[in-house]
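Take a look at the structure below.
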Amino acid sequence: MIQIQTTKDIQKLMKKYQKEGKTIGFVPTMGFLHDGHLSLVKQARTDNDIVVMSIFVNPLQFGPGEDYETYPRDIERDRNLAAKAGVDILFMPSVEDMYQQESTMIVHVKKRTNVLCGRSRIGHFDGVATVLTKLFQLIIPTRAYFGMKDAQQVAVVDGLINEFFMDIELVPVETVREEDGLAKSSRNVYLTEAERKEAAVLYQSLQYGAQLIQDGERDPGVIKKQICSMLENTTGLIDYVEIYSYPDLESLETLTGKCIIAVAVQFSKARLIDNLIIDIPSRKEGK
Ligand code: AMP
């Protein structure tokens with residue numbers, strides 16, 4: 001595995017691979033790797049000649065009072081995991097290098113961001129879109145891999161790639177979970193033992209919501225209420241329980257088509273998110 005620290009060096013190396021006509025799979029991360037990240041690498045490994053992973057805790061996507069300073073980091077461990085998983089190039093730039101000039105530009109995302117995480121994390125998706133534009137520009141990947149655990153991020157990246165005519169295939173990858181259903185996340189280490197046990201309810205509540213839909217419920221209000229009452233049994237504070245169309249993230253009076261049920265709960269030191277995407281067939285007249 002080649003390790004690269006500077007934007008200049010990655011650009012030089014990627015140009016060489018592009019000249020050779022290699023396909024390039026890119027997995028952007030903030031590190032503290034777990035099986036979720038590694039499932040993206042596995043998919044990228046299958047699909048491409050070269051796999052590039054970036055590890056960069058991007059200050060631009062953290063708001064004031066969020067966990068930028070305390071975000072878990074363990075570069076040594078990450079290096080080993082990335083190499084074992086089959087990453088060819090590990091790109092770990094510094095903040096100074098990624099944002100070397102006094103920033104005069106950011107990518108402002110106008111759609112799909114006034115709901116879910118975008119509502120409470122003002123500027124978060126501008127930070128994500130800005131850093132991804134820079135990373136895509138440096139790496140020029142054939143395919144980019146993103147986890148559906150961050151389904152709103154996938155919706156935003158989909159818009160970014162399409163609107164800026166980026167010649168990149170977006171590959172969404174299913175959420176990897178712990179045995180009890182909790183979505184794997186770098187932030188899970190910040191749950192207390194008691195919170196870790198409670199946290200399984202996020203996925204259970206989503207499954208319950210999906211079951212209600214399966215049983216014929218189409219009123220999002222009814223489903224959200226049931227999910228809330230399950231989440232209220234935890235010590236965490238509910239940030240949101242929402243159901244929208246996906247990927248447009250628009251409100252629906254009656255559920256139909258591709259929908260997302262999404263939840264966010266703030267525990268003492270970790271804010272957890274999870275979601276399920278459900279395809280709801282439209283009802284035939286008279287049924
Ligand atoms: P992060 O390091 O949290 O920014 O995540 C890097 C990438 O890994 C993002 O595309 C995430 O959606 C994805 N990811 C994080 N957790 C999981 C998971 N449990 N399953 C699948 N993908 C994940």
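Largest first, the residues D215, D158 sort by 1.4 Å accessible area into D215, D158. Computed from point charges on the beta carbon alone (+1 for Lys and Arg, -1 for Asp and Glu), the dipole magnitude for region 186-276 about its Cα centre is near 300 Debye. Using a probe radius of 1.4 angstrom, the carbon and sulfur fraction of the accessible surface of region 186-276 is 48%. Contact order for the chain, expressed relative to its length and based on alpha carbon pairs under 8 Å spaced 6+ residues apart, stands at 17 percent. Would you mind checking the tilt of helix 220-231 against the longest principal axis of the Cα atoms of the chain, expressed as 0 to 90 degrees and rounded to 10? Roughly 80 degrees, rounded to the nearest 10. Solvent-accessible surface (1.4 Å probe) assigned to R283 amounts to roughly 140 Å². On a per residue basis, region 46-196 carries 50 Å² of accessible surface, using protein heavy atoms and a 1.4 Å probe.
For region 231-287, relative contact order (Cα pairs under 8 Å, six or more residues apart, normalised by length) works out to 31 percent. Pairs over the 18 Å Cα-Cα cut-off, from the set K42/K84; K12/K134; K19/K42; K149/K184; K149/K258: K19/K42. Nonpolar atom fraction for region 2-173, defined as the carbon and sulfur part of the 1.4 Å probe accessible area, stands at 52 percent.
If R0 is taken as 41 Å, the Cβ-Cβ distance between K84 and N162 corresponds to a FRET efficiency of 0.75.
For D239, the amide hydrogen comes within under 5 Å of the amide hydrogens of A264, V265, Q266, counting only partners 5 or more places away or on other chains and with H modelled in the peptide plane.
For the chain, build the convex hull from the C-alpha positions and give me its volume per residue in Å³.
Given the Cα convex hull of the chain, per-residue volume reads 144 Å³.
Summarising the label geometry, the points placed 7 Å from Cα in the beta-carbon direction at E253 and D215 lie 2.5 nm from one another.
The values are calculated or read from the model by the stated rules, or taken from the named source; none is laboratory data. Predicted model, so just to flag it, every value in this text is computed and none were measured. No Cβ is skipped: glycine too gets one built from the backbone with ideal geometry, and neighbour counts run over all protein chains shown. Accessible surface areas use protein heavy atoms only, side chains included; no ligands, DNA or RNA. Shrake-Rupley method; radii C 1.70, N 1.55, O 1.52, S 1.80 Å.
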